[in-house]
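Chemist: I have a structure here, written as structure tokens, and I will follow up with some questions on it.
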Amino acid sequence: MIGEDPNGTPNNLMPFISQVAVGRRSQLRVFGGDYDTHDGTGVRDFIHVMDLAEGHLAALEFLGTNSGWHAFNLGAGRGSSVLELVRAFEQASGRKIPYVIVDRRPGDVASTYAKVDKARQMLGWQARRGLVDMCSSVWRWQQNEVEHKKESI
Ligand SMILES: O=c1ccn([C@@H]2O[C@H](COP(=O)(O)OP(=O)(O)O[C@H]3O[C@H](CO)[C@@H](O)[C@H](O)[C@H]3O)[C@@H](O)[C@H]2O)c(=O)[nH]1
């Protein structure tokens, strides 16, 4: 999770939600409400960019005392649904995120999240920040972005 300002309409969930919160878009379209997940919406592994950075540092430190090669998954290790992210963003921003549930997006899987046991055991690393922390950071960035654009007009 990091500040993102894609050209045109964002394809990904987090930049779309933050643009709704800041008033650039009227509502979020939730792609699919009938998945086999706890609330019917897609589930993904969201991670704060600082946790991801710390995971990479832990991997570099590991290389200082270990040889060979290893593959590690870096993720929160748990899935969060689209609606859980909407609620977390509402909590972080104090703004309502209007949404409508529409058809599934072709190619999306119902649920995907990382298995992080190996990173925890061998790197001594695990993600510490939760969904509301991620949304708070994105919200802070999104508000600064709006101010920055106003200043440059
Ligand atoms: O406007 C939106 C955008 C997304 N979603 C849903 O939100 C979830 C997450 O979607 P998105 O943020 O687009 O991420 P992913 O589909 O998980 O894809 C990301 O993660 C993949 C696996 O790492 C990469 O291959 C992709 O490039 C990257 O965009 C999915 O259930 C989507 O259907 C919506 O409901 N509305």
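Just so it is clear, none of the values below were taken in a lab; they were calculated from the coordinates. Predicted model only: the values in this text are computed from it and were never measured. Positions of Cβ are generated from backbone atoms using ideal geometry, with glycine treated the same way; all protein chains shown enter the neighbour counts.
Chemist: Per DSSP H run of at least 4 residues, take -39500 (n - 2.57); add these up for the chain, divide by its residues and hand me the 222 nm value, nearest 500 deg cm²/dmol.
Modeler: So the calculated ellipticity at 222 nm is -13000 deg cm²/dmol.
Chemist: For R128, what charge total do you get from the other residues with a beta carbon under 11 Å from its beta carbon, if Lys and Arg give +1 and Asp and Glu give -1?
Modeler: Its environment carries a net charge of -2.
Chemist: What does the charge count around I17 come to, taking other residues whose C-beta lies under 12 Å from its C-beta (Lys +1, Arg +1, Asp -1, Glu -1)?
Modeler: It works out to a net charge of +3.
Chemist: What ³J(HN,Hα) values, in whole Hz, does the Karplus curve 6.51 cos²θ - 1.76 cosθ + 1.60 give for the stretch 110-120 when θ = phi - 60°, with x put for Gly and Pro?
Modeler: So the J values, rounded to whole Hz, are 5, 8, 8, 8, 7, 9, 10, 4, 5, 5, 5.
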